[in-house]
Amino acid sequence: MSEETADATDDRRRSIREAAVRLLARREHARLELERKLTGRGHAPELVEGVVADLAAAGLQSDDRFAEVFVRSAVGRGHGPLKIRAGLRERGVDGDAPLTGFGDDEWRDYATMVIGKRFGAMPPRNRAEWAKRARFLSARGFSSDVASRVLGRLDELP
């Protein structure tokens, strides 16, 4: 490789690194997400992959840190485990590991809080209201099991 070619490659890698660091300064990014953004901006995929690997080795990019922030944010927005796992997988992160600290009781409590914010403290009065709340929880990423524990038994409603 000629010296000019090596210099040009170094300049492109420097440019990619600067763009990546700017993105990471705004918020945490998963490795796959960061690579997609950088290649979407026209950077060469093979150079992007190397730069992102270097950033990860230096501790500037971390999928574990990203997952922690993502989960905390999603829980704060009222999302359940199914939606959170899907969001993590979409960004190239194993969706199960960051959720190991949450048990069934915590998800039930979060679902109760989410329902309370949206519909108030009154339990559903009929099957239609129960179904509406169950669909709401499902859309937020809570399982049907959690929904039935939070909303009560459907067969007891008029």
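What the table shows:
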read-out: Residue match in region 92-104 (condition: loosely packed, with under 15 Cβ neighbours inside 10 Å, under 30 Å from Gly152 (Cα atoms) and among the acidic types (Asp, Glu)); value: yes
read-out: Selection within region 10-30 - assigned to a helix (DSSP H, G or I) and either among the β-branched types (Val, Ile, Thr) or touching an Asp or Glu at 6+ places or on another chain (Cβ under 7 Å) (or both); value: Ile16, Val21
read-out: Selected residue (criterion: nearest to Leu99 (Cα to Cα)) from residues of region 132-155 that are among the charged types (D, E, K, R) and either buried (at least 16 other Cβ atoms within 10 Å of the Cβ) or touching a residue at least 40 places away in the same chain (Cβ under 8 Å) (or both); value: Arg140
read-out: Tally, over region 17-26, of residues that are open to solvent by 100 Å² or more (accessible area, probe 1.4 Å) and either in contact (Cβ under 8 Å) with a residue 60 or more places away in the chain or among the hydrophobic types (A, V, I, L, M, F, W, C) (or both); value: 0
read-out: Residues located in region 27-73, provided they are touching a residue at least 60 places away in the same chain (Cβ under 8 Å) and surrounded by fewer than 20 Cβ atoms within 10 Å (Cβ to Cβ); value: Arg31, Leu32
read-out: Qualifying residue in region 95-118 (condition: in contact with a Gly (Cβ under 6 Å, 6 or more places away or on another chain) and either among the hydroxyl-bearing types (Ser, Thr, Tyr) or within 30 Å of Leu55 (Cβ to Cβ) (or both)); value: no
read-out: Residues located in region 105-131, provided they are in contact (Cβ under 8 Å) with a residue 12 or more places away in the chain, loosely packed, with under 12 Cβ neighbours inside 10 Å and either assigned to a helix (DSSP H, G or I) or in contact with a Lys or Arg (Cβ under 8 Å, 6 or more places away or on another chain) (or both); value: Lys117
read-out: Residue within region 94-102 that is assigned to a helix (DSSP H, G or I), in contact (Cβ under 8 Å) with a residue 12 or more places away in the chain, of a type outside the set (Phe, Trp, Tyr) and under 20 Å from Asp145 (Cα atoms) present; value: yes
read-out: Hits in region 132-143 (condition: part of a helix (DSSP H, G or I) and touching a His at 6+ places or on another chain (Cβ under 9 Å)); value: Arg140
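Conditions tested, residue by residue: (1) acidic (Asp, Glu); (2) at pLDDT below 95; (3) farther than 29 Å from Arg72 by Cα.
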site: Asp11; (1), (2), (3): yes, yes, yes
site: Ala30; (1), (2), (3): no, no, no
site: Glu35; (1), (2), (3): yes, no, no
site: Ala53; (1), (2), (3): no, no, no
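The values are calculated or read from the model by the stated rules, or taken from the named source; none is laboratory data. What you see is a predicted model, and the numbers here were worked out from it, not measured in a lab. Virtual Cβ from ideal backbone geometry, glycine too; neighbours counted across all protein chains shown. With ligands, DNA and RNA removed, areas are computed over all heavy atoms of the protein, side chains included. Shrake-Rupley method; radii C 1.70, N 1.55, O 1.52, S 1.80 Å.
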